[in-house]
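Comments concern the structure below.
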Amino acid sequence: MRSMKQWYEALFDNYGKQYDKESFAQGTLGECDFIEREIGFDKTKRILDIGCGTGRHAIELTKRGYKVTGIDLSPAQLRQADAKAKQLGLHIEFRLADARALTFDTEFDLAIMLCEGAFPLMETDEMNYDILKNAAKALVPGGKFIFTTLNGLFPLFHSLQSFFSEATTGTDAQYAKHTFDIMTFRDHNVTRFVDDDGEEHVLACNERYYVPSEITWLLKSLGFCHIGIFGAKLGAFSRDDILQTRDFEMLVIAEKSPSL
């Protein structure tokens, strides 16, 4: 058992309300529009939201008539999610759970994992792989998996420091001192943020970037087929967006083999 919290645990200790103000969290409606199209607007589909955070996608999809289960590692994020759902009169199952140790077995028709909700924040590649493996196990044969992850092509062609300086606003967490390691495809940085109580924190963080061929191989090894990788535009996911080196995130869509 780890004696110290990892950066992604410390970051979300008390960051529910502030998280909802982040600029990257403002694309919920358009992203849910895309999810609905991908499952043919079928309200019988059971949805698992991995790394659901404050529940923005789970809540919006529930409002549209879908049954969603949200899991997250952060009690603070889940409290914010539950409070928002109750305020809207919605009953949503939010569970405190680690995506590396899920026990779901062929229970869902769709798994979503958006905005780096869990993958690829883990400290080892093996842990990130476990998250994908558990998502696969949670799906029924023929089930669909939709997630976003960091595009490893981006830092090969662009400055992460410049990107974050231009992309973040005054209310966002601030990222500095980026060091991208081309041997591990990990970006080490210093993240500065203000929590829900107005207290400032500074964390040493690192995230794993993936190239499309890695994602394709990982998913194939877990029994996924019909794998598509696209550019991920905030609030405007589309299969028409061919992945480019200028895309900071990639959108991944895959189906679990019907024979599994």
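Residue check, D240 against (1) without any contact (Cβ under 8 Å) to a residue 40 or more places away in the chain; (2) surrounded by 14 or more Cβ atoms within 10 Å (Cβ to Cβ), all met but one. Which one?
(2)
So if I check each of K137, K144, which one is within 18 Å of the chain's Cα centre (by Cα), farther than 26 Å from K5 by Cβ, part of a strand (DSSP E or B) and at pLDDT 95 or above? Break it down into steps so the answer makes sense when it comes.
Working: K137 fails: part of a strand (DSSP E or B).
Result: K144 is the single residue among K137, K144 that is within 18 Å of the chain's Cα centre (by Cα), farther than 26 Å from K5 by Cβ, part of a strand (DSSP E or B) and at pLDDT 95 or above.
Count, please, the residues in the range 227-260 that happen to be in a strand (DSSP E or B) and touching a Phe, Trp or Tyr at 6+ places or on another chain (Cβ under 8 Å). Walk me through it before giving the result.
The initial filter retains those residues of the range 227-260 that are in a strand (DSSP E or B), namely 227-231, 242, 249-256.
Those still in the list that are touching a Phe, Trp or Tyr at 6+ places or on another chain (Cβ under 8 Å) too: 230, 242, 250-256.
Matching residues across the range 227-260 total 9.
When the range 163-203 is examined, which residues are found to be out of contact with any helix residue (DSSP H, G or I) (no Cβ under 6 Å at 6 or more places or on another chain), touching a residue at least 60 places away in the same chain (Cβ under 8 Å) and surrounded by 13 or more Cβ atoms within 10 Å (Cβ to Cβ)?
Once the filter is applied, which keeps residues that are out of contact with any helix residue (DSSP H, G or I) (no Cβ under 6 Å at 6 or more places or on another chain), touching a residue at least 60 places away in the same chain (Cβ under 8 Å) and surrounded by 13 or more Cβ atoms within 10 Å (Cβ to Cβ), the range 163-203 yields F163, A167, T168, A173, T191, F193, V194, D195, H201.
Just to check your reading of the model, which residue among D42, D33, D13 is modelled with pLDDT under 95 and more than 16 Å from the chain's Cα centre (by Cα)?
Values: D42 fails: modelled with pLDDT under 95; D33 fails: modelled with pLDDT under 95.
The match here is D13.
Among the numbered criteria (1) crowded, with 22+ Cβ neighbours inside 10 Å; (2) out of contact with any helix residue (DSSP H, G or I) (no Cβ under 7 Å at 6 or more places or on another chain); (3) of a type in the set (A, V, I, L, M, F, W, C); (4) modelled with pLDDT under 95, which single criterion is violated by L160?
With (1) crowded, with 22+ Cβ neighbours inside 10 Å; (2) out of contact with any helix residue (DSSP H, G or I) (no Cβ under 7 Å at 6 or more places or on another chain); (3) of a type in the set (A, V, I, L, M, F, W, C); (4) modelled with pLDDT under 95 applied to L160, the lone miss is (1).
Just give me the residues in the range 205-226 being assigned to a strand (DSSP E or B), buried (at least 17 other Cβ atoms within 10 Å of the Cβ) and hydrophobic (A, V, I, L, M, F, W, C), in sequence order.
Listed by number, the residues that qualify are C205, F224.
The values are calculated or read from the model by the stated rules, or taken from the named source; none is laboratory data. As the structure is a prediction and not an experimental result, all values here were calculated from the model. Reconstructed Cβ throughout: ideal geometry from the backbone, glycine too, with neighbour counts over all protein chains shown.
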